[in-house]
1. Quick one: which residue in 113, 92 is at pLDDT 95 or above, more than 17 Å from the chain's Cα centre (by Cα) and not in a strand (DSSP E or B)?
2. Taking region 130-145 only, how many residues are within 26 Å of residue 83 (Cβ to Cβ), touching a strand residue (DSSP E or B) at 6+ places or on another chain (Cβ under 8 Å) and modelled with pLDDT under 95?
3. Here is a list of conditions, (1) surrounded by fewer than 16 Cβ atoms within 10 Å (Cβ to Cβ); (2) at pLDDT 95 or above; (3) not in a strand (DSSP E or B), and residue 208 meets all of them except one; can you say which number that is?
4. Give the residues of region 251-269 that are modelled with pLDDT of 95 or more, out of contact with any strand residue (DSSP E or B) (no Cβ under 6 Å at 6 or more places or on another chain) and surrounded by 14 or more Cβ atoms within 10 Å (Cβ to Cβ), sorted by residue number.
5. Scan region 226-250 for residues that are within 19 Å of residue 45 (Cα to Cα) and not in a helix (DSSP H, G or I) and jot them down.
6. Does at least one position in region 35-42 carry a residue that is modelled with pLDDT of 95 or more, in contact with a helix residue (DSSP H, G or I) (Cβ under 9 Å, 6 or more places away or on another chain) and farther than 22 Å from residue 236 by Cβ?
């Protein structure tokens, strides 16, 4: 008797600037309808699109998630491979949380030995800071040190055990790697689906939230990304990209299909600038 593989239902366990959970219904018509070989997401962020696709009846033969943020990839690896140790460490963060505790944990990456810290402990720190920092914003300075101040939360949602365990199940068998986005061109093959969700082209000089890793993501990087998009198109991959509805994006992708969606902007220092904002989806199919 053959058994149909059941979808794995999981959701993001991190808050992330530009997370795509709110846009999944609008994206649904643009996801490839037919079965494809493998799925690649080179800017994994909160993984909303990955978790959504992983939960569909359609299955890819394999999933490849990557990001230039090594701490983020370590976090995913810990959820996949060490979820029990991660949950135990997060419980300790939950119980110890205070303003003083937050800044002590935030400063851990200044220690030269931090890179040798066990994966689960590093991941627990990232999730703890993500859940308690201002607006859930992950930002580092040029030295790679996390520098976001504490947020104003009465009861921060530091530990969601069921969500972490569901995410761990969804991540089993998934390839995770800290890589620059261009590396996808070396790994994707004809018939693969690649989804790019890069740091967006800013709508203004005051709305730039691109420094989630030690290297900023500016106009030059956007042009390199457009070149990678075109290279994957020539390789026979199906490619989808999200970005802001700006002149630069339209210029870079003028040879491809561009559709518009509307997103609710949540991360802005001024409440009057939060609301529905047009974004684009670029497709080569």
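The values are calculated or read from the model by the stated rules, or taken from the named source; none is laboratory data. Just so it is clear, the model here is predicted, and its values are computed rather than measured. Methodologically, a virtual Cβ is constructed for each residue, glycine included, from the backbone with ideal geometry; neighbour enumeration extends over all protein chains shown.
1. Only one candidate passes the filter, namely 92.
2. 2
3. So residue 208 meets the others, but not (2).
4. 252
5. Within region 226-250, 239, 240, 241, 242, 243, 244 qualify.
6. Within region 35-42, none of the residues are modelled with pLDDT of 95 or more, in contact with a helix residue (DSSP H, G or I) (Cβ under 9 Å, 6 or more places away or on another chain) and farther than 22 Å from residue 236 by Cβ.
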